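What follows draws every value from the coordinates through simple rules; no lab data is involved. This is a predicted model, so every value here is computed, not measured. All Cβ positions, even for glycine, are placed from backbone atoms using ideal geometry, and neighbour counts span all protein chains on display.
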Amino acid sequence: MSKFFTVTFPLFLFCVLFPISAEAQDFPKLDASPMDITIARNADMSPLIRVIYSRPQKRNRVIFGNLVPFGEVWRTGANEATEVRIYEPLLLGSTRIEAGTYSLFTIPGDKEWIFILNCDVNLWGAFNYDRNQDEARISIKPKRAAAPIESLSMAFKPADDGVSLMIGWDDTFVEVPFKKINRK
């Protein structure tokens, strides 16, 4: 008998008779409000603005005026406060916003929303929101969505002078205009 057979066959026989069990890893359940990201880019594909947020689900609930109370600061998402990264100076209303990272909050209302960029970052929810850290605030009129939006959704819409951040959930959406600053 060859030496190869004498060494290999007993190993093969051992593996067949005593299989090694491979147990599946226990992974946690999927997050009920998974994270998402939306990015607006310049014509040269460099980033202009990025938003990282968690997407809560409607699940047959009344959202605005109930789950998200009117007149109160909302993290505009779930879990951690929504993060906005601006890559070049932009205008939000008449306020110049420098490149940097900010938290996004809103104060939803039936007839008006207040959109807020705040300098505090890495916050959980809106529990530690500090108005003194607001970089900018702008008033926005909410609009009725054409169809119900099951998951909180954010996307950028190009505009002639910049981009609008579209935020929609349930039967409501808002458009937040960010304008490019003309460089001469």
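Quick one: if the Förster radius is 22 Å, what FRET efficiency do Asp36 and Asp120 give, using the C-beta to C-beta distance and rounding to 0.05? Mind showing how you got there, number by number?
Details: r = 22 Å, r/R0 = 0.98.
According to the calculation, E is roughly 0.55.
Take the chain, connect every pair of alpha-carbon atoms lying under 10 Å apart with a spring to form a Gaussian network, then pick out the residue of Ala81, Ala155, Ala146 with the largest mean-square fluctuation.
Ala146
Counting helices only, and only those DSSP H runs with n ≥ 4, report the 222 nm mean residue ellipticity of the chain as the sum of -39,500 (n - 2.57) divided by its residues, in deg cm²/dmol to the nearest 500. If you can, show how the numbers build up before the last one.
Values: 1 runs with 15 residues, N = 184.
After summing the helix terms and dividing by the residues of the chain, the value is -2500 deg cm²/dmol.
Note down the Stokes-Einstein diffusion coefficient of the stretch 46-180 in µm²/s, whole number, using a Kirkwood radius over alpha carbon pairs, 20 °C, and 1.002 mPa s.
Details: Rh = 15.0 Å.
D, rounded to a whole number, is 143 µm²/s.
Test of understanding: in a Gaussian network model of the chain with alpha carbons linked when under 10 Å, which of Pro28, Pro148, Pro69 would top the mean-square fluctuation ranking?
Pro28
Ranking Phe27, Phe64, Phe105 by Cβ neighbours within 10 Å, fewest first, what do you get?
On the way: Phe27 6, Phe64 18, Phe105 25.
Fewest-to-most ranking of Phe27, Phe64, Phe105: Phe27, Phe64, Phe105.
HN-Hα J couplings of the stretch 162-178 from phi, Karplus 6.51/-1.76/1.60, θ = phi - 60°, integer Hz, Gly and Pro as x?
Karplus-based 3J(HN,Hα) across the stretch 162-178 equals x, 9, 10, 8, 8, 10, x, 6, 6, 10, 10, 8, 10, 10, 10, x, 10 Hz.
Taking amide H atoms as placed 1.01 Å from N in the peptide plane, list the residues 5 or more away in sequence, or in a different chain, whose amide H sits under 5 Å from that of Ala159.
Residues meeting the amide H criterion: Ser164.
Would you list Ser103, Ser164 from fewest to most Cβ contacts within 10 Å? The partial results should precede the final answer.
Working: Ser103 25, Ser164 17.
By the 10 Å Cβ count, ascending: Ser164, Ser103.
Treating the angle as unsigned and between 0 and 90°, give the value, to the nearest 10°, between the Cα long axis of helix 3-17 and the longest Cα principal axis of the chain.
It works out to around 60 degrees.
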